[in-house]
Structures are given as structure tokens and as C-alpha cells.
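The values are calculated or read from the model by the stated rules, or taken from the named source; none is laboratory data. Treat the numbers as computed from the prediction; the structure is a model and nothing was measured. Cβ placement follows ideal geometry from the backbone for every residue including glycine, while neighbour counts extend to all protein chains displayed. Areas reflect the complete protein model, heavy atoms only, side chains present, ligands, DNA and RNA absent. Shrake-Rupley method; radii C 1.70, N 1.55, O 1.52, S 1.80 Å.
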Amino acid sequence: MEKKNIDWGNLGFGYMPTDKRYVSNYKDGAWDEGGLTEDANVTINECAGVLQYAQTVFEGLKAYTTEDGRIVTFRPDLNAERLEQSAKRLEMPVFPKERFVDAVIETVKANSAYVPPYGTGATLYVRPYLFGTNPVIGVKPADEYQFRIFVTPVGPYFKGGVKPLTIRVTDFDRAAPNGTGHIKAGLNYAMSMHAIVTAHQEGYDENMYLDAATRTKVEETGGANFLFVTKDNKVVTPKSSSILPSITRRSLLYVAKEYLGLEVEEREVPFEEVPEFAECGLCGTAAVISPVGKIVDHGKEICLPSGMKEMGPTTKKLYETLTGIQMGRLEAPEGWIHPVE
Ligand code: PLP
Ligand code: COI
């Protein structure tokens with residue numbers, strides 16, 4: 001299919017409507033058969049559950065053009081599983097896993113003219129989401145839901161691409177110990193808006209959230225998990241029941257161990273330990289791995305030895321190996337790559 005005339009190399013992380021999106025509706029206890037539509041707008045009642053009580057969950061994954069020109073998606077089955085966990089936690093119906101994967105593939109295929117060509121640095125971001133549609137005024141779950149998927153071509157999440165970021169330790173909490181930090185619910189992002197706006201106003205790229213109960217352990221940022229590299233080259237990532245189980249992070253731990261032969265540790269990370277690390281990165285579908293050069297804790301600067309000019313060497317190897325797998329330059333573990341065509 002002929003590609004759209006888009007300046008692929010200069011895309012930021014923004015929304016651009018494409019030709020087709022997927023819609024399926026849930027009513028009387030069942031999902032309809034679903035299908036593609038050209039209508040980018042959603043029309044719902046003024047009292048819809050999503051509008052009153054934020055009953056909405058979502059996912060994020062990407063489609064890539066490989067070196068040999070195929071279009072593929074990365075581990076969509078894990079996004080389906082996580083959407084299931086998110087839906088259950090907010091008392092929403094589950095959109096079946098096989099249907100989720102098929103719908104992702106159908107939507108990407110229908111928009112293949114928008115999948116950035118190999119080598120442009122851009123990718124197609126895929127956003128599945130699920131929300132309560134019928135009127136709800138007493139606090140209770142909706143009875144009717146809509147599942148949708150749209151896609152949009154994107155460039156790097158952080159301006160400046162892979163330039164190291166400066167982040168701050170925030171006093172705001174992202175997630176309570178038994179709350180919703182481990183699911184991908186819109187409400188987690190609504191409550192992070194003030195923290196990110198004020199971080200940007202103060203010149204920081206992102207926030208480092210600490211655990212809400214003790215404020216002594218590293219959790220995550222508003223949109224990515226942390227990866228650290230120790231001075232003896234171990235990859236360390238925070239373990240917590242209130243952070244999002246990042247698919248990128250899970251994949252990177254496997255890559256570190258199986259492709260790069262590195263030791264990996266998923267464990268609690270006391271904030272006190274941060275000045276000891278050699279490298280730090282933010283990992284996620286949107287962030288891929290974005291290096292962190294400086295962490296500011298209430299005016300006290302922690303400068304990572306990897307510096308403010310480029311990614312640290314281990315972060316770089318992880319980045320190159322993961323993107324190599326996603327773009328088909330390296331052989332993928334079984335089941336990681338789902339062909340679209
Ligand atoms: N943490 C948060 C809060 C996120 O929003 C995301 C993005 O999805 C991630 C981590 C990374 O998760 P994944 O690698 O599955 O995209
Ligand atoms: C993703 O990485 O897919 C996310 O959902 C993060 C979001 C902040 C853009």
C-alpha cells in the first residue's frame with residue numbers, strides 16, 4: 001500500500017487521525033461482533049460511567065516496519081492480558097484475548113499506509129481502550145461498554161530523542177499500596193497531570209514517584225518503569241505491587257539475561273541507593289528506553305556517571321537489542337513478534 005505523505009523523521013509523540021479505527025460494543029452481557037469504522041468521534045450519554053466516575057482502562061503498543069519490509073506488532077498478547085487485569089479491577093467486562101489480538105492486527109492492517117517506513121525512527125502507536133458508556137449516577141459500574149482501538153504514527157516520546165533526561169523526585173504520590181497503580185486505568189494518569197505540569201514548569205522532563213507508604217523506595221514515573229545499571233553492570237529494576245507491570249521492562253530483563261548475559265535483579269530499590277548506580281533509564285512502549293542523566297531530589301542533584309550527553313553503554317546495548325528484535329534485525333524469542341500481513 002502506498003504510504004501517506006508524512007514527514008516521518010520529524011514526528012513527535014502526538015495524535016494524528018488515520019483512516020480506520022476498531023469499535024466493539026458490550027450490551028446485555030455480551031460483546032457484539034465489532035468492526036472497523038471511519039468515525040473518529042465517540043458519541044455517548046452525558047451521564048456515561050466513563051464521564052462521571054472515570055471507568056476507563058487502556059493499553060499502548062506499537063507496530064513496526066521491519067528491515068525486510070514486513071509490518072509486525074510486539075507482544076500484543078501481553079497487552080490483552082494486562083487489559084484483562086485492568087478491566088477486572090474496575091469491574092468492567094473483559095474483551096477476549098484472541099479478539100483483542102485479532103482486532104489490533106485488523107486495525108494496523110487497515111492503516112498500513114500510516115505505518116512509518118523502516119529506518120525513519122518513527123513507529124505506529126496502537127491505543128486500545130475500554131470505557132463505560134451507559135448513564136450511571138449512583139456510584140456503581142456501568143452495564144454497557146465500548147472497546148476501541150485507534151492508531152497514530154509517532155516519533156520519540158521525549159523531545160530530543162535519546163538525549164538524557166533530567167527528572168525530579170516528586171512529593172505527589174502516584175499510587176496507594178492497595179490501589180490501582182498496577183493497572184492501566186485513566187485515573188492513574190489524571191492524578192499525575194498536576195505533577196507533570198509543575199515538573200515541566202520547573203524544567204524537569206518527568207517525575208520519579210516514591211512508594212506512597214514510606215517514601216523511601218523508587219516506584220516509577222508517570223509513564224514508564226525504571227531500569228538501573230550498577231557499577232558492576234547488573235541490571236536492577238524496582239519491584240512493587242503498585243507500579244505498572246511494563247511489557248518493555250519484562251522484555252528488557254529477558255534481553256539482558258538471555259541476549260547480553262547480564263545479571264538482572266527485580267527487587268525493592270531504596271532511593272538511598274540511587275547515587276550508587278552507573279546508569280538509569282525509563283522504559284515503556286512510548287519511552288522505549290530513555291536515558292536519565294540527572295535526578296534532582298529537592299534541590300540535591302544526583303548526576304549519573306553516564307552523563308548528560310549520551311546513553312550509558314549498557315542502556316545502549318539494551319536499547320539496540322530490543323529495537324533490533326522489534327525491527328527484525330535480530331532473531332526474536334518465540335511469540336514476541338506478531339506479523340500483520
Ligand atoms: N508505567 C506506566 C505508568 C506506563 O504508563 C507505561 C506505559 O505503558 C509503562 C510503565 C510501560 O509499560 P509498557 O512497557 O507495557 O508500555
Ligand atoms: C505507553 O508507553 O504506551 C504509555 O501508555 C505511556 C503513556 C504515558 C504514553
Subject >> Single unsatisfied condition, E265 versus (1) open to solvent by less than 20 Å² (accessible area, probe 1.4 Å); (2) under 23 Å from D297 (Cβ atoms) >> reply: (1)
Original post:
Does at least one position in segment 244-260 carry a residue that is without any contact (Cβ under 8 Å) to a residue 60 or more places away in the chain and away from ligand 2 (no atom under 16 Å from the Cβ)?
Top reply: yes
**OP:** Filter segment 234-279 down to the residues that are within 13 Å of ligand 1 (Cβ to nearest atom) and basic (K, R), then identify the one that is farthest from P305 (Cα to Cα).
**Re:** R250
**OP:** Filter segment 45-83 for residues that are closer than 16 Å to G119 by Cα and either touching a Ser or Thr at 6+ places or on another chain (Cβ under 8 Å) or part of a helix (DSSP H, G or I) (or both) and give the result.
**Re:** K62, A63, Y64, I71, V72
**OP:** Being assigned to a loop (DSSP other than H, G, I, E, B) and more than 16 Å from ligand 2 (Cβ to nearest atom) is the filter; apply it to segment 287-304 and report the residue that is least open to solvent (accessible area, probe 1.4 Å).
**Re:** L304
**OP:** Could you list, in sequence order, all residues of segment 174-224 that are under 17 Å from E268 (Cβ atoms), surrounded by fewer than 22 Cβ atoms within 10 Å (Cβ to Cβ) and of a type in the set (D, E)?
**Re:** none
**OP:** Would you point out the residue of segment 14-44, among those that are open to solvent by 70 Å² or more (accessible area, probe 1.4 Å) and of a type outside the set (D, E), that is farthest from T152 (Cα to Cα)?
**Re:** K27
**OP:** Note down all Cβ pairs under 6 Å where the first residue falls in segment 180-209 and is under 17 Å from G293 (Cβ atoms) and outside the structural domain of T170 (by TED's automatic domain parsing), the second is within 14 Å of ligand 2 (Cβ to nearest atom) and small (G, A, S), and they're at least six residues apart or on different chains.
**Re:** none
Subject >> Number of the exception - Y118 against (1) in a loop (DSSP other than H, G, I, E, B); (2) within 19 Å of the chain's Cα centre (by Cα); (3) of a type in the set (F, W, Y) >> reply: (2)
